[in-house]
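What follows is a single structure, written as structure tokens, with notes after it.
Coordinate-derived values only; no laboratory data. Please read all numbers here as calculations on a predicted model, not as lab measurements. With ideal geometry, Cβ positions are generated from the backbone for all residues, glycine too; neighbour counts draw on all protein chains shown.
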Amino acid sequence: MKADSGVQRQLLDLAEADAELSRVEHKRRTLPELAEIEAAEKVLRERKDALVSVQMQHSDLDREVTRQEREIESVRARGDKDRKLMASGSVAAKQLTELEHELATLGRRQTALEDDLLDLMERREALELDAQRTSAEVDKAEKELADAVARRDQAFADLDTTQARRDADRAALLPRFPEDLLKLYERVRAQKNIGAALLQSRRCGACRLELDRNTVAEIKAAPANEVLTCDNCDAILVRTSESGL
Ligand SMILES: [Zn+2]
């Protein structure tokens, strides 16, 4: 294949643009923020689950406190009723003894219920503190996630800028190459990632292999417009004054 040596040299600009586009793609996939976001989302999910669990325990206790208060109220009402009856003077002596006995029982029951209520309220208070702490942890995890997302978006925006610039470089370069040369370049690039490289000090700029003397002699003998490729990696070898020929 033949191509003007000046045109061949412009393949190096195309290869440089393509190399940067590959780096952009690689960075986009391997950005550390992506793993960070995944980890932060996991932490946030766990803390939200923990908060829901604490809140459920708290509302269970709330219901228990209400039930206990109602129970105490009914015991107290029963005692009031008994005392009123005793004070009315219309109660026979036998019934009076029964009422006194019942009042004593109610009194003990009320004390026990009130002790339980105190215990419930203490547990509820502890859960409130727990909920506050867990809620603060959720806030913290949300902030960390938002921070990682913002850094990822900034990195993506920077990569977008580089990509747009390099896409434009590429689009401007493409019309300069004859079709067969471009096809060869694209085919090698699709297979080996690098389509063309500078032959620098007798070394292939793509695979870094140093050419043997026979190959160097062949290259020296080849006309300037001959399109040469690396025997090792197939990249188009572009000759310049740096080639060491
Ligand atoms: Zn090579």
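Within straight cross-link reach of K183, meaning Cα distance under 29 Å, which lysines are found once same-chain residues fewer than 8 apart are removed?
K2, K27, K192, K220
Under 16 Å Cα to Cα from K48, which aspartates and glutamates show up? Leave out anything in the same chain fewer than 8 places away.
E38, E128, D130, E137, D139, E142, E144
Based only on Cα atoms, what mean projected area does the convex hull of the stretch 167-245 have, in nm²? Write out the running numbers ahead of the final one.
Working: hull surface 21.8 nm².
Convex hull of Cα atoms, orientation-averaged projection: 5.4 nm².
Just to confirm the number: angle between the C-alpha axis of helix 179-192 and the first principal axis of the chain, 0 to 90 degrees, nearest 10?
Taking Cα atoms only, the helix is inclined about 50 degrees.
Give me the distance between the Cα centres of the stretch 163-201 and the stretch 213-234, rounded to whole Å.
19 Å
Any idea what the alpha-carbon Rg over 2.2 N^0.38 Å comes to for the stretch 69-196? Walk me through the numbers on the way to the answer.
Numbers: Rg = 41.9 Å, N = 128, 2.2 N^0.38 = 13.9 Å.
Against the empirical 2.2 N^0.38 Å value, I get 3.01 for the stretch 69-196.
Roughly speaking, what is the centre-to-centre gap between the stretch 101-117 and the stretch 1-66 when only Cα atoms are used, to the nearest Å?
Measuring centre to centre over Cα atoms gives 62 Å.
As a check on your grasp of the helix formula, calculate [θ] at 222 nm for the chain: sum -39500 (n - 2.57) over DSSP H runs of n ≥ 4, divide by the residue count, round to the nearest 500.
Values: 5 runs with 186 residues, N = 245.
Rounded to the nearest 500, the figure is -28000 deg cm²/dmol.
Take the Cα pairs of the stretch 86-145, get the Kirkwood Rh, then feed it into Stokes-Einstein at 20 °C and 1.002 mPa s and tell me D in µm²/s. The partial results should precede the final answer.
On the way: Rh = 15.8 Å.
Stokes-Einstein gives a translational diffusion coefficient of 136 µm²/s.
So how far apart, in nm, are the two label points at D80 and V7 if each is 7 Å from Cα heading toward Cβ?
Placing both labels 7 Å along Cα→Cβ, they lie 10.6 nm apart.
Please check: in the Gaussian network model of the chain (C-alpha springs, under 10 Å), which one of L174, L106, L228 has the largest mean-square fluctuation.
Greatest mean-square fluctuation among the candidates belongs to L106.
Would you mind listing how long the stretch 1-121 runs along its three principal axes, going by Cα atoms, in whole Å with the largest first?
Result for the stretch 1-121: principal-axis Cα extents of 130, 18, 17 Å.
What is the percent of Cα-Cα separations in the chain that go past 25 Å? List each step's numbers first, then the result.
Numbers: 20555 of 29890 pairs.
Tail of the P(r) past 25 Å holds 69 percent of the pairs.
When the chain is treated as a GNM, springs tying every alpha-carbon pair under 10 Å, which of L159, L118, L199 comes out with the largest mean-square fluctuation?
In this elastic network of the chain, the residue with the biggest mean-square fluctuation among L159, L118, L199 is L118.
How compact and how long is the stretch 51-117, expressed as Rg and Dmax of its alpha-carbon atoms in Å?
17.2, 60
Order by neighbour count: I37, I194, fewest other Cβ atoms within 10 Å first, most last. Don't skip to the end; give the middle numbers.
Details: I37 19, I194 22.
Ascending number of Cβ neighbours within 10 Å: I37, I194.
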